[in-house]
Amino acid sequence: MTFTSSAPTGSDEQLKNAIEEELEWLPGLNSTHIGVAVDTGTVTLSGHVDSYPEKLLAAQAAFGVRGVKAMAQEITVRSLFAAETDEDIAVEAGQSLERSVDIPDTVQVSVTGHRITLTGEVQWIFQSEAAGRAMHHIKGATDVLNQIRIRHDVVASGVKEAIVQALLRNAELEGKHIQVSTSGDGVMTLSGTVRSWAERDQAEKVCWSAPGVVAVINGLEIT
């Protein structure tokens, strides 16, 4: 079998082909019913999959393709467990939160129409992300809406400089092209340029690691 490179060189059609091949390549994802559209680097995924983890996997795969600038996720989940009731899903979701040692008891869960909604307040972004991950494999769930708030603590002095140094240390980033500004209410703003969507996402994760951060405005442009 001969493999040929399909790395995008600029056109939307080439990028579309590359994303479709990436989706077909991944184990654990049935891309038969997933549609891909590209408009000047903005990707729209449509169609349906059998589970919520597949929906997440499709978006992650598309984001990883070089040339993607933005994403619209319109895939729906046609659950194989449609017989599960909202009450069944809520019970399993609540038990999943209780089993997780990195999720505080300030997080609440509700379910409507097989859609899980997380609310409450936590101190760190990793706690909110952990709660979201705990919902990914709940049987019967078709979507997860994470509305958990990050509690605002006083931003430590020097946090801006600490973030800049963390960006420069990160092996996945070209940190010298990234600028950071901060406000007293815990909002961080990133500006400058990165080489890929993955770098843009990684820079945002570095900011979220700083104490007192409640929001990150990611203005990084992909070159």
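Observations, loosely collected:
- DSSP beta bridges fully contained in the chain are about 50 percent antiparallel.
- Counting only Cβ charges, +1 for Lys and Arg and -1 for Asp and Glu, the dipole size of the chain around its Cα centre is about 560 debye.
- Span from the the stretch 56-132 Cα centroid across to the the stretch 184-223 one, whole angstrom: 22 Å
- Accessible surface ranking that places the most exposed of ARG200, ARG66 first, with a 1.4 angstrom probe: ARG66, ARG200
- Cα shape, the chain, gyration tensor, a/c 1.5 rule: oblate
- Once backbone amide H atoms are built at 1.01 Å from N, GLY47 has GLY35, THR76 as its partners under 5 Å, excluding neighbours fewer than 5 places away on the same chain.
- Distant-in-sequence amide contacts of GLY140, defined by a placed amide H-H separation under 5 Å and a gap of 5 or more residues or a different chain, comprise PHE81.
- Packing rank of 68-78, 110-120, 132-142, where each peptide gets the mean count of other beta carbons within 10 Å, highest leading: 132-142, 110-120, 68-78
- Out-of-range pairs (alpha-carbon distance over 23 Å; input LYS69/LYS176; LYS69/LYS139; LYS16/LYS55; LYS160/LYS205; LYS55/LYS139; LYS69/LYS205): LYS69/LYS139
- Using a probe radius of 1.4 angstrom, the carbon and sulfur fraction of the accessible surface of the chain is 50%.
The values are calculated or read from the model by the stated rules, or taken from the named source; none is laboratory data. Here the structure is a predicted model, which means the values were calculated and not measured. Note that we place each Cβ from the backbone using ideal geometry, even for glycine, and neighbour counts take in every protein chain shown. These area figures cover heavy atoms from the full protein model, side chains too; ligands, DNA and RNA do not enter into them. Shrake-Rupley method; radii C 1.70, N 1.55, O 1.52, S 1.80 Å.
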